[in-house]
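The values are calculated or read from the model by the stated rules, or taken from the named source; none is laboratory data. Predicted model, so just to flag it, every value in this text is computed and none were measured. No Cβ is skipped: glycine too gets one built from the backbone with ideal geometry, and neighbour counts run over all protein chains shown. Areas reflect the complete protein model, heavy atoms only, side chains present, ligands, DNA and RNA absent. Shrake-Rupley method; radii C 1.70, N 1.55, O 1.52, S 1.80 Å.
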Amino acid sequence: MGGPDQVIPIKPVNLRATPKGRGVDPQALAQVQSLLGDAPRRRDLLIEHLHRIQDHFGHLSAPHLAALAAELRMAQAEVYEVASFYHHFDLVKEGDEAPAAITVRVCDSLSCEMAGAKTLLQRLPEVLGKNVRVIPAPCVGRCETAPAVVVHQHPVAHATIERVQAAIKAKQTRCDTPKAINYARYRQSGGYQLIADCLAGKHTRDAITHIMEDSGLRGLGGAGFPAGRKWRLVAAEPGPHNMAVNIDEGEPGTFKDRWYLERDPHRFLEGMLVAAWCAGVGEIWIYLRDEYHGVRALLERELAALKKNPPCALPPIHLRRGAGAYICGEESAMIESIEGKRGMPRLRPPYVAQVGLFGYPTLEHNMETVYWVRDIVERGASWFSSHGSNGRKGLRSFSVSGRVKKPGVHVAPAGITVRELIDQYCGGMRDGHAFYAYLPGGASGGILPASMGDIPLDFDTLQPYGCFIGSAAVVILSDQDRAKDAARNLMHFFKDESCGQCTPCRVGTAKALALIEQPKWNQSLLAELSQAMVDASICGLGQAAPNPVQCVIKYFPDEVA
């Protein structure tokens, strides 16, 4: 060491003029700036901006991601991790070829698989050629028209090779806007008078909330939490309050939200405004799944009409676009996505009613829940609660698909049995098919045999059998199907849709799928694995994923022995 007077030279540090990582290409930056126009450069708009780039170029290139990161003053890694999380963003690495100009997505979820999706996936690539990309897709929310295929953004119902070819030849790649009740027609029939009266002081928040409590309306997204109680919980929190409406509807077998929106969107919007008013909400976000391109165009048009000629003062309303992630049906994952992040569920507590969107108390609702608000208030709580069967109360919108003559959305009394639903609303089983089994609540709701077809379908009635109603997505299987094959399809879906945040779900779904793909199931190991997933998964995906497997073992033992 040197003496006290010795000066030790310090090695100069070369400071970087730019952050580490890919440099920003001037041309790509100019293109991104042009696409974004005067849109705000905020972090929560990241997914919206990614959609703009992909819609224009057909994919997301590395230079464009770097340019977007520069515009938003974000690290490139942050932009990449979000873009790579969602199924509908096509990332193209440097040196790789861009995807074909036209993408054909073939739904391979259960209802579509039963209707012949596997054959389409096998034959379409050869028939359509190299200029068209054919890929499997999780449920696209059109189970009543199975098999469903989407040509870029244009849905093809009851798809055949010929119909897909015709859609491509006619350049039908954009979804048509549904012919729904528009703003003017809705106003003519008394629409928005309820919310106008609320703001004019003709109703009180407490009185409207009390009506909802008396009606017994529960959350129709699957959780079944009483709507009126949720309003009171949020209203009791210190403000400001936000609202997030969940129209992600990614549960295989579910399509009721799309069905309602394609017909009467303003009934939903008015119910949303009333709920927001009762809970003291100051700003609203609507989260719509990306597969519903036609509904998005419809809502954009009708929201513009509403804002242009409002019936009363409106809070700010934002329409946000999902990007293909089933996990965003979970309320906190949806909130993360609205904030421009990966859709990964939050640990609870705190609950979103306490700390939700952007850190504020948040009223989170499924679209159909608030769709009923106007009818319940105008007709009275007893009108809604007077409906019901087998001791249950209220109405339910059943999304029915599978081997029935009339698949679709059927509004029926809560507590109806699946046999009654098939016979009274669905026109019976299809010719040549005998009732064999059913899913009472979509992919995660379990599988029951036809011999158990007299259980009332409602909240709390199916749990003793290891099932639940969820969003009332009922898939009917016939004697031409097998429950073990259905379980394999569903577990494949859960494996692909796991967000990967927690090990029990990420590893558990993959391990379960490998086990049930064997001719003979290792039932003791599956039981141990299922229990670990139920006990330790962060959110409902991992907790409910074992339900179909456990039901097959319990109710269809001959198929897995």
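Observations on the model:
- With K and R counted +1 and D and E -1, the other residues having a Cβ less than 14 Å from that of Asp96 yield a net charge of -1.
- Mean-position separation - Cα centroids, the stretch 257-319 and the stretch 68-111, in angstrom: 28 Å
- Spatially, the stretch 361-399 and the stretch 529-554 are offset by 29 Å when compared through their Cα centroids.
- Partner lysines whose Cα lies under 17 Å from the Cα of Lys256, excluding those fewer than 8 positions away in the same chain, are identified as Lys179, Lys406.
- Sorted peptide list for 212-220, 329-337, criterion being average Cβ within 10 angstrom, highest first: 329-337, 212-220
- In the stretch 390-512, Cα pairs under 8 Å separated by at least six residues give a relative contact order of 24 percent.
- Heavy-atom accessible area ranking, 1.4 Å probe, most first, across Val352, Val411: Val411, Val352
- Solvent exposure of the chain, expressed per residue, is 43 Å² of accessible area, with all protein chains present and a 1.4 angstrom probe.
- Residue pairs, from the table Lys130/Lys169; Lys405/Lys520; Lys484/Lys511, whose Cα atoms sit over 25 Å apart: Lys405/Lys520
- For a modelled paramagnetic label at Asn182, 7 Å from Cα along Cα-to-Cβ, the residues of the stretch 242-284 in reach, with backbone nitrogen under 19 Å, are 261-270.
- Accessible surface ranking that places the most exposed of Asp496, Asp264 first, with a 1.4 angstrom probe: Asp496, Asp264
- For the peptides 25-32, 131-138, 312-319, the ranking by packing is 131-138, 25-32, 312-319, with the highest mean count of neighbouring Cβ atoms within 10 Å listed first.
- In the chain, the calculated helix contribution to ellipticity at 222 nm averages -11500 deg cm²/dmol per residue, counting -39,500 (n - 2.57) for every DSSP H run with n ≥ 4.
- Spin-label pair Asp460/Glu528, simplified geometry with 7 Å Cα→Cβ offset, distance in nm: 3.7 nm
- Burial ranking of peptide ranges 286-297, 265-276, 430-441 (average Cβ count within 10 Å, highest at the top): 265-276, 286-297, 430-441
- Partner aspartates and glutamates for Lys171 [C-alpha distance under 15 Å; skip if fewer than 8 residues away on the same chain]: Glu162
- Computed accessible area, Leu298, all protein chains, 1.4 angstrom probe, square angstrom: 0 Å²
- The stretch 132-232, relative contact order in percent, only Cα pairs under 8 angstrom and at least six apart counted: 13 percent
- For the chain, relative contact order (Cα pairs under 8 Å, six or more residues apart, normalised by length) works out to 12 percent.
- Among the listed values (1) 107, 54, 41; (2) 93, 66, 61; (3) 87, 60, 44, the one matching Cα extents along the principal axes in Å as calculated from this structure is (2).
- Carbon plus sulfur fraction of accessible area for the chain, probe 1.4 Å, in percent: 51 percent
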